[in-house]
Every structure is written in C-alpha cells, then in structure tokens.
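The values are calculated or read from the model by the stated rules, or taken from the named source; none is laboratory data. This structure is a prediction, so every number in the text was calculated from the model and none was measured. Cβ coordinates were reconstructed from backbone atoms using ideal geometry, including for glycine residues, and neighbour counts include every protein chain displayed.
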Amino acid sequence: MILSDKRILDEISKGTILIEPYREECMGTNSYDVHLGKYLACYKDRVLDARQHNQIEEFKIPEDGYVLEPGTLYLGVTEEYTETHAHVPFLEGKSSAGRLGIFIHATAGKGDVGYCNTWTLEITVIQPIRVYAGMPIGQLIYFDVDGEINTYYKDKVNAKYNTRSVKPIESMMWKNKF
C-alpha cells in the first residue's frame, strides 16, 4: 500500500522516514516532491563498458540554467537527502517534468529499505530543454513492507551507493562479478 500524506508525516515524526531539507509545501496527497540538485554529470566516453569503471565529468548548473540535449545520459542528483528505515521508497518523475519530455530514471526508481542518501537521477530528454537547480523534478512515494527485513540496505556489505553525496554517482556495475 502507498502511504498517504498523513502517514508519511507520522513516519517522519517517528523517525522511520527522514527528508532533508523538509518543506511542508512539497507534501502531496501521497507523495513528497523532490528537486534537482545543483550538480549534473556526463560520462566521459561515448561507449560505456559494463565491466569497467566508466568515469564521469561533473559540473554545476549555472544560475541561468543548463540545456539538456537528446541522445545524452545526464546524471543528476536530488537536492533532498532521504532515509527510509521501514518502507520501500519509489522515485517517480513529476508529471510537469514528464510533459516537458524529461525522464528522470532509466530503470532505477525503487530504493531499498535502509537506503540513506540523495537520489542519483538518470536523466534523458526528448528535445532540448533548459533545466535549473532547485526545480521540482520528481516525487517520492512510500510503500509498506510485508514481512521482516533481514538486512537493511545501509548494512549490506556489498552495497555500492552508501557513501553520502551531494553529487551524482556513476554506475558501479563494474563491481559486480559477471
């Protein structure tokens, strides 16, 4: 079940959900709006290799915005740092961003119970669009978990995205054995 606004607020007061910074006006009926952070990144190489550590170039979004171009994968980051200790968080794009042709994730919209970090966004666009740091970009929804948790994400030995960051984090696929 998806948590309602009242339930999200209850969980925040209990400490099972943390959103920093928290802004009351960002609470929806059953979601919380998140914003584009001030950093973007692109991969240095045009051809990526899943077995290699693909390097990125980070840059700060200027005050007057930055134009995203089709055919490029941009890694962005949410302004908000979140912790989710008892629910499954999902990050979805805002319909207003979708109507501008902005996709904020290729496949990675689900977090794990125990995920504590900002969210790296996998941004692609349909046509050129100027984006700005601080613009609403997505919304978090939370689901109840059925059953006991054996290992929280933050406690997993092989968790690849536990280091707190205000910048986008590149793929760590290369750390997998295949």
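A count restricted to region 101-123 and to residues that are at pLDDT 95 or above and surrounded by fewer than 17 Cβ atoms within 10 Å (Cβ to Cβ) stands at 2. Entry remark, region 125-160: residues being closer than 23 Å to residue 59 by Cβ, outside any strand (DSSP E or B) and touching a strand residue (DSSP E or B) at 6+ places or on another chain (Cβ under 9 Å) number 6 in total. The selection criterion, being free of Cβ contacts under 8 Å to residues at least 40 places away in the same chain, farther than 28 Å from residue 6 by Cβ and aromatic (Phe, Trp, Tyr), does not hold for residue 178. Within region 41-55, residues that are free of Cβ contacts under 8 Å to residues at least 60 places away in the same chain reach partners that are among the acidic types (Asp, Glu) with beta carbons closer than 7 Å, at six or more positions or on different chains, in the pairs 42/57; 44/57. Listed by position, the strands (runs of 3 or more DSSP E) contained in region 54-124 that have at least 2 residues being closer than 18 Å to residue 42 by Cβ are 56-60, 66-68, 74-77. None of 35, 105, 87 is touching an Asp or Glu at 6+ places or on another chain (Cβ under 8 Å) and without any contact (Cβ under 8 Å) to a residue 40 or more places away in the chain except 105.
Just one residue in the set 65, 93, 114 is among the small types (Gly, Ala, Ser), closer than 22 Å to residue 19 by Cα and in contact with a Lys or Arg (Cβ under 6 Å, 6 or more places away or on another chain); that residue is 114.
In this structure, is residue 171 small (Gly, Ala, Ser), modelled with pLDDT under 95, closer than 23 Å to residue 26 by Cβ and outside any strand (DSSP E or B)? No. Exactly one of (1) touching an Asp or Glu at 6+ places or on another chain (Cβ under 9 Å); (2) under 19 Å from residue 92 (Cα atoms); (3) in a loop (DSSP other than H, G, I, E, B) is unmet by residue 166. Its number? Single failed check for residue 166: (2).
In the set (1) within 18 Å of residue 161 (Cα to Cα); (2) under 20 Å from the mean Cα position of the chain (by Cα), residue 51 fails one condition alone, (2).
Picking from residues in region 17-32 that are touching a helix residue (DSSP H, G or I) at 6+ places or on another chain (Cβ under 6 Å) and touching a residue at least 60 places away in the same chain (Cβ under 8 Å), the one that is nearest to residue 81 (Cα to Cα) is 17. The numbered conditions (1) over 16 Å from the mean Cα position of the chain (by Cα); (2) surrounded by 12 or more Cβ atoms within 10 Å (Cβ to Cβ); (3) over 23 Å from residue 7 (Cα atoms) are all true for residue 149 except (3).
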